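Structure first, then comments.
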Amino acid sequence: MSTDKADSIVIRQADFSESSRVVTLFSKEFGKLAVLAKGAKRLKGPFDAALDLLSECRIVFIRKSSGALGILTQAQLVRRFSPVPNSLNSLYGGYYVADLLCCLTEDFDPDPELYDLSVKTLARLSDPKSDYNSVIVQFEVGVLCRLGLFPNLECCSVCGDPIATTAKFAHWVSQGGLLCSECRRDEYVGKSISGGSIAVLRRLADADSPLTDRIKITKEQTAECHKLAVSAITNVLGRKPGTLRFLQF
Ligand SMILES: [Zn+2]
């Protein structure tokens, strides 16, 4: 048994007893972890607003061996998630971030860059000046890239020939790869994506590109990129993320 400290985001809460909750956090130091927060449901509980969904907080917890639930001993609020009033994708974009972190990451598998991306995404979803749909797409691409799940958009999945973004359209299949026009067959279930959207996705996926914050994406490209990202996520999970239905694209 040992005590650990971590910077974290609250990504799920579940009632445990009349006064306690099980809180799932995505932490910078340890990745996803679930802890028992005793007294968290009391009005003047020991953790106050630090454990609200999507709050960023600094925690101290007792880690149990052999996969047993850890015990939360301290939680200090760093920043509350404050979605922009009357903007549904600002609010639901936040829930979607929590959902993806919950279902795509493994317990105690830390990824500090994904943590930083998540904090930044929640800040941008709280900013009235943001284009929320573009922020959501950038997070989808970021999380897929960090977890090694981003589809190969450079080459045809069948013949391996490079896919040019100068072509008006390419086709993609539900497994997430692209097909060149030579390899495209009617029996493949898939959709078309414009060369412009492929170029946007390649730029978003380039972690070294310092321009990510400033990439301008048209509404149509945002919707196309979102569709492809959702297809890749659905392929990994075997189902659509539950919070997806609240988003409007
Ligand atoms: Zn091909």
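For the subset of region 178-187 comprising residues that are at pLDDT below 80 and near the ligand (Cβ under 10 Å from one of its atoms), which member is surrounded by the most Cβ atoms within 10 Å (Cβ to Cβ)?
184
Against the definition (under 22 Å from residue 98 (Cβ atoms) and in a strand (DSSP E or B)), how does residue 54 come out, yes or no?
Working: under 22 Å from residue 98 (Cβ atoms): yes; in a strand (DSSP E or B): no.
Here the answer is no, as residue 54 does not meet what is asked.
Checking residue 170 against (1) within 14 Å of the ligand (Cβ to nearest atom); (2) open to solvent by 50 Å² or more (accessible area, probe 1.4 Å); (3) modelled with pLDDT under 85: exactly one of these is not met. Which one?
(2)
Residues checked against (1) in the same structural domain as residue 105 (by TED's automatic domain parsing); (2) crowded, with 20+ Cβ neighbours inside 10 Å; (3) in contact with a strand residue (DSSP E or B) (Cβ under 8 Å, 6 or more places away or on another chain):
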| residue | (1), (2), (3) |
| --- | --- |
| 16 | no, no, yes |
| 35 | no, yes, yes |
| 44 | no, no, no |
| 47 | no, yes, yes |
| 52 | no, no, yes |
| 62 | no, no, yes |
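Quick check on residue 157: is it within 16 Å of the ligand (Cβ to nearest atom), more than 17 Å from the chain's Cα centre (by Cα), surrounded by fewer than 17 Cβ atoms within 10 Å (Cβ to Cβ) and among the hydroxyl-bearing types (Ser, Thr, Tyr)?
So residue 157 does not fit the description; no.
Please work out which residue is least open to solvent (accessible area, probe 1.4 Å), limiting yourself to region 106-143 and to residues that are touching a residue at least 60 places away in the same chain (Cβ under 8 Å), farther than 18 Å from residue 225 by Cα and in a loop (DSSP other than H, G, I, E, B).
Residue satisfying both the conditions and the ranking: 111.
The values are calculated or read from the model by the stated rules, or taken from the named source; none is laboratory data. Predicted model, so just to flag it, every value in this text is computed and none were measured. Because the Cβ atoms are built from the backbone with ideal geometry, glycine has one as well, and the counts that use them run over all protein chains shown. SASA here: full protein model, heavy atoms, side chains in, ligands and nucleic acids out. Shrake-Rupley method; radii C 1.70, N 1.55, O 1.52, S 1.80 Å.
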